There are 2 protein chains.
Amino acid sequence: MTSGHLSERRSVKPGSQASLRRSNQQRIVRSLLQSGSLTQAELSRQTGLSTATVSNIVKAMVDRGLLATSPTTSSGRRALAVSLTGDDTLAAGIDIGRSHVRVVVTSINYRVVGERWVHLPLGHEADLALDVASTVLDEVLAECGSSRDALIGVGLGVPGPIDRRSHAVIDGTILPEWVGITVDHIQERLRMPVMLENDANLGAIAEITWGPHKGVDDLVFVKVGTGIGSGLILGGEIFPGNIGVSGEIGHLPIHEHGLICRCGNRGCLETVASTAIMIELLSREPQNVRTTSDIIALAQAGDKATLHVIDDAGRALGRALAAIANLVNPQMLVLGGPLAGLGEILLEPVRKGFVRYSSPVVHDSTELTMSSFTDRAEALGGAAIVIQEFEAVGFET
Amino acid sequence: MTSGHLSERRSVKPGSQASLRRSNQQRIVRSLLQSGSLTQAELSRQTGLSTATVSNIVKAMVDRGLLATSPTTSSGRRALAVSLTGDDTLAAGIDIGRSHVRVVVTSINYRVVGERWVHLPLGHEADLALDVASTVLDEVLAECGSSRDALIGVGLGVPGPIDRRSHAVIDGTILPEWVGITVDHIQERLRMPVMLENDANLGAIAEITWGPHKGVDDLVFVKVGTGIGSGLILGGEIFPGNIGVSGEIGHLPIHEHGLICRCGNRGCLETVASTAIMIELLSREPQNVRTTSDIIALAQAGDKATLHVIDDAGRALGRALAAIANLVNPQMLVLGGPLAGLGEILLEPVRKGFVRYSSPVVHDSTELTMSSFTDRAEALGGAAIVIQEFEAVGFET
């Protein structure tokens with residue numbers, strides 16, 4: 001299977017014919033995921049769609065190998081039973097970081113069947129990361145006794161904004177080597193249909209798909225790493241914004257006379273609360289911090305300087321979360337990224353900043369929590385968007 | 001007609017049976033608004049819904065007096081032509097301000113048929129405003145040769161947050177006399193089905209329904225008045241947030257050591273850019289400002305102090321707009337409220353603040369403009385949500 005169609009999702013206008021078709025197919029696939037096998041008449045009753053609509057969509061999906069039909073009888077008459085093709089159909093999520101790639105493989109029923117994390121050199125070229133990802137993907141598939149033939153697609157997350165007009169990574173990413181890389185290029189390199197997405201958006205999708213917050217409609221996932229970004233789930237779906245760059249909170253002004261930020265402004269959230277600045281602040285003796293793991297170890301050992309840096313970062317994050325919550329009033333705010341393991345040590349100052357700067361009715365009604373996936377959320381989210389796209393439109397073969 | 005059902009909208013879960021029903025009915029009403037009169041078979045073909053689904057919805061809506069059927073022939077067979085009942089069906093929008101009430105009456109085809117603005121005393125009780133609104137509504141209806149019998153409902157806007165759990169105005173409004181007023185109370189007082197909504201949300205709806213931005217999917221309307229709030233249109237609809245209080249940007253921190261705000265924090269946007277603070281700053285000799293009209297007159301005459309106050313307010317507003325745009329990446333930002341008449345005098349400093357604090361790809365792709373409705377947007381939006389709710393679910397009679 002090869003296709004560029006995956007990247008076209010969400011460009012359909014609400015209310016258009018394309019949007020109706022998409023919604024109709026989604027009704028059918030969801031019914032089949034719930035019930036296993038149904039006759040066309042049963043599908044029509046369950047979905048409220050006409051038999052003609054059901055029959056057209058089933059035929060198109062059978063032609064593409066996505067649905068299978070078999071003869072059966074219903075109320076004594078001959079009928080066709082419709083089902084999804086095979087439980088071995090798989091989806092993959094790939095998360096690219098500054099110094100790692102993670103691959104997750106799942107069934108289209110959302111069961112994780114394989115997973116691997118590998119180190120990448122700092123400042124790696126995009127093609128190196130993609131080649132490593134491709135090899136690891138094959139290995140993980142082989143381990144679970146499968147192959148690419150069973151894979152419907154890959155959801156790939158990058159820590160930076162994706163312009164959905166050009167389907168490319170654009171300026172603002174913490175991986176400058178990836179600027180200009182398009183989904184078409186990634187598809188060629190991986191030899192698979194690919195959906196390209198911002199990593200924080202994938203983290204957000206993972207939280208409502210796999211996590212304890214399954215089914216939450218309005219959730220914001222804030223990823224604190226070398227950069228700081230967020231993914232917005234509004235009405236149960238990623239909200240991409242006009243050109244796909246929603247959730248950019250790393251450059252919210254915090255200190256009027258603060259440090260100069262990589263964006264050119266002063267005192268942005270990233271100059272106070274990114275892991276990069278925290279590592280830099282704690283890099284001298286005696287803390288000698290080099291990695292986020294060092295920060296976690298020192299904090300857990302009660303090192304005062306480390307706790308102060310975390311306190312400042314946490315309050316600034318809380319203030320940014322308040323700005324988010326006052327604006328979009330989500331049900332839940334989830335903090336993710338490598339520092340999620342700090343738990344209450346980070347959450348306490350975050351909560352203080354959040355309560356101070358959010359309106360009372362907002363902080364009383366918003367749940368604030370740490371991600372339970374730590375750094376797995378992004379790859380899991382990658383697999384989830386592929387499955388959800390399959391439910392909505394199937395894949396071109 | 002009396003009902004509390006209007007206020008229940010958007011509480012349906014996506015994917016639920018109620019949500020399917022809602023979406024099916026919307027398909028049918030939109031087809032009828034486009035085509036005028038259709039047979040049930042034609043409705044089925046246009047909407048993709050089964051004839052059984054179409055027939056059930058049509059029957060329920062005929063029972064409620066919302067649709068009419070008449071015998072016709074189609075391909076030589078007898079059939080039923082379905083149409084919306086009467087062009088004289090009307091909707092009303094009411095905008096409550098600190099010192100005014102505005103009533104707009106429109107047809108359900110979005111044609112404005114009557115409108116009136118009346119003054120209210122500062123610090124008015126909610127019931128006084130509602131009684132005035134009720135009388136004015138009757139007068140406007142009489143002027144256009146109609147009456148309440150033709151009215152399907154009222155959309156009422158209040159400058160403050162509405163908690164959609166209690167359907168009540170809550171703390172944070174600039175009208176303290178309205179805190180705790182519920183939609184049920186308003187319905188009793190107006191003797192009409194009412195949808196209660198935040199005024200900035202209604203302004204946003206007006207922009208995409210009646211204005212030059214008709215059909216824009218992602219738009220944020222920022223209302224600058226005694227308070228500052230915003231309405232979010234995401235995916236073509238008001239985005240209410242978890243409990244209905246989205247868009248609260250008035251308390252975004254601007255100056256760390258600024259004035260104490262009515263919310264208890266320091267240096268909030270409202271302490272720099274609300275019309276209340278601008279009037280206060282310019283209240284002494286020689287400006288002697290008492291109203292927003294005074295500000296507009298002085299600015300247009302080139303008064304330096306007035307222009308400085310506008311410049312500071314504008315830059316702070318621009319910074320807040322940047323925070324909004326970086327987060328939700330809308331297609332369009334619209335500034336409304338009584339200062340919209342300032343045009344370029346206000347827009348220029350707003351643009352400067354916006355460009356400075358938004359990420360380059362966001363400010364290059366976001367349109368920033370003044371509302372063309374000045375202070376009519378909120379009432380127009382009130383009528384629009386009533387019509388849209390009618391399209392989606394009809395009204396209980």
Report summary line: Charge dipole of the protein assembly as shown built from unit charges on the beta carbon (Lys, Arg +1; Asp, Glu -1), centred at mean Cα; most positive-end Cα among B:147, A:260, A:158 is B:147
Query raised in the report: Relative to the longest principal Cα axis of chain B, at what angle does helix B:377-393 sit, 0 to 90 degrees, rounded to 10?
Result: 30
Requested in this report: Using only alpha carbon pairs under 8 Å that are at least six residues apart, calculate the relative contact order of the stretch B:93-147 and give it in whole percent.
Outcome: 33
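How big is D for the stretch A:130-263, in µm² s⁻¹ as a whole number, if Stokes-Einstein is applied with the Kirkwood radius of its Cα pairs at 10 °C and 1.306 mPa s? Intermediate values should be presented prior to the final figure.
Details: Rh = 16.3 Å.
After rounding, the answer is 97 µm²/s.
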Query raised in the report: In sequence order, what are the phi-derived ³J(HN,Hα) couplings for the stretch A:176-184 according to the Karplus relation 6.51 cos²θ - 1.76 cosθ + 1.60 with θ = phi - 60°, rounded to whole Hz, with x for glycine and proline?
Result: x, 5, 9, 4, x, 5, 9, 5, 4
Query raised in the report: Quick one: B:100, A:363, fewest Cβ neighbours within 10 Å first, how do they rank?
Result: B:100, A:363
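Using the Kirkwood formula on the Cα atoms of the stretch A:292-340, what hydrodynamic radius do you get, in angstrom to one decimal? Please report the intermediate quantities before stating the final value.
On the way: mean 1/r = 0.0821 Å⁻¹.
One decimal place: 12.2 Å for the Kirkwood radius.
Please state, to two decimals, what the Cα-based radius of gyration of the protein assembly as shown comes to when divided by 2.2 N^0.38 Å (N = residues).
Ratio of Rg to 2.2 N^0.38 Å for the protein assembly as shown: 1.00.
As a test of the definition: which semi-axes, in Å, follow for the stretch B:197-258 when you take the square root of five times each eigenvalue of its alpha carbon gyration tensor? Largest first, please. Don't jump to the answer; show the numbers that get you there.
Working: eigenvalues 106, 32, 20 Å².
Over the Cα atoms of the stretch B:197-258, the semi-axes work out to 23, 13, 10 Å.
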Query - Residue mean of other protein chain beta carbons inside 10 Å, A:315-325 - result: 2
Query raised in the report: About the Cα centre of chain B, what is the dipole size in debye to 20, counting +1 per Lys and Arg Cβ and -1 per Asp and Glu Cβ, all else neutral?
Result: 1200
Requested in this report: List the distances, in nm and shortest first, from the label point of residue A:266 to the matching label points in every other copy, placing each point 7 Å from Cα along the Cα-to-Cβ direction.
Outcome: 1.8
Query raised in the report: Can you sort B:304, B:352 by how many other beta carbons sit within 10 Å, fewest first?
Result: B:304, B:352
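Going by average Cβ neighbours within 10 Å, how do the peptides B:23-32, B:191-200 rank, with the highest at the top? Walk me through the numbers on the way to the answer.
Numbers: B:23-32: 19.7, B:191-200: 26.0.
Result, highest mean Cβ count within 10 Å first: B:191-200, B:23-32.
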Query raised in the report: Pulled fully out, how much extra length does the chain show between residue B:63 and residue B:78, if you take 0.36 nm times their separation in residues and subtract their Cα-Cα distance?
Result: 3.3 nm
**Report entry** Surrounding net charge for residue A:94, when Lys and Arg each add one and Asp and Glu each subtract one, Cβ distance under 10 Å
**Finding:** -1
**Report entry** Summed side-chain charge close to residue A:50 - residues other than residue A:50 whose Cβ falls under 15 Å, Lys, Arg +1, Asp, Glu -1
**Finding:** +4
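Once you average over the residues of A:353-359, how many Cβ atoms of partner chains fall within 10 Å of each Cβ? Display every interim value, and only then the final one.
Numbers: counts 0, 0, 0, 3, 6, 2, 10.
Partner-chain Cβ atoms within 10 Å, mean over residues of A:353-359: 3.
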Query raised in the report: Label-to-label distances across copies for residue A:63, with labels 7 Å out along Cα→Cβ, in nm, shortest first?
Result: 4.1
**Report entry** Alpha-carbon centroid distance for the pair the stretch A:75-142 / the stretch A:338-359, whole angstrom
**Finding:** 33
Query raised in the report: Could you give the dipole magnitude of the protein assembly as shown about its Cα centre, charging the beta-carbon of Lys and Arg +1 and that of Asp and Glu -1, in debye to the nearest 20?
Result: 1720
Requested in this report: Between chains B and A there is a rotation axis; tell me the chain B residue with the nearest beta carbon and how many whole Å away it sits.
Outcome: B:50, 2
Report summary line: Computed over chain A: longest principal axis from alpha-carbon atoms vs helix A:199-209 long axis, angle to nearest 10 degrees, is 60
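Mind sorting B:290, A:102 by how few other Cβ atoms lie within 10 Å of their own Cβ, fewest first?
B:290, A:102
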Report task. When a/c is below 1.5 the answer is rounded, else prolate if a/b is larger than b/c, else oblate, so apply that to the stretch A:215-372 with a ≥ b ≥ c taken from the square roots of the Cα gyration tensor eigenvalues. Result -> prolate
Report summary line: CD proxy, 222 nm, chain B: helix-only mean residue ellipticity via -39,500 (n - 2.57) per DSSP H run with n ≥ 4, per residue, nearest 500, stands at -12500 deg cm²/dmol
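Rounded to the nearest 0.05, what FRET efficiency is calculated for residue B:139 and residue B:256 with R0 set to 60 Å and r the Cβ-Cβ distance?
Values: r = 51 Å, r/R0 = 0.84.
It comes to 0.75.
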Query raised in the report: What is the helix-to-structure angle for B:17-35, meaning the angle in degrees between its Cα long axis and the longest Cα principal axis of chain B, kept from 0 to 90 and rounded to the nearest 10?
Result: 80
Report task. List the distances, in nm to one decimal, from the label point of residue A:36 to the label points of the same position in every other copy, shortest first, placing each label point 7 Å from Cα along the Cα-to-Cβ direction. Result -> 5.3
Query raised in the report: For residue A:304 and residue A:34, what is the calculated FRET efficiency with R₀ set at 41 Å and r taken between the beta-carbons, to the nearest 0.05?
Result: 0.15
Query raised in the report: Amide H to amide H under 5 Å from residue B:368: which residues, 5+ apart in sequence or cross-chain, H placed 1.01 Å off N in plane?
Result: B:333
Query raised in the report: So, how do all the Cα-to-Cα distances of chain B break down into 20 Å bins, in percent, from 0 on up?
Result: 27, 53, 18, 2, 0
Query raised in the report: Taking a point 7 angstrom from the Cα of residue A:179 along the C-beta vector, which residues in the stretch A:102-146 have backbone N less than 16 Å away?
Result: A:123-126
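The numbers here are math on the coordinates, done by the rules we state, and not lab data. For clarity, every value in this text was computed on a predicted model and none was experimentally measured. Because the Cβ atoms are built from the backbone with ideal geometry, glycine has one as well, and the counts that use them run over all protein chains shown.
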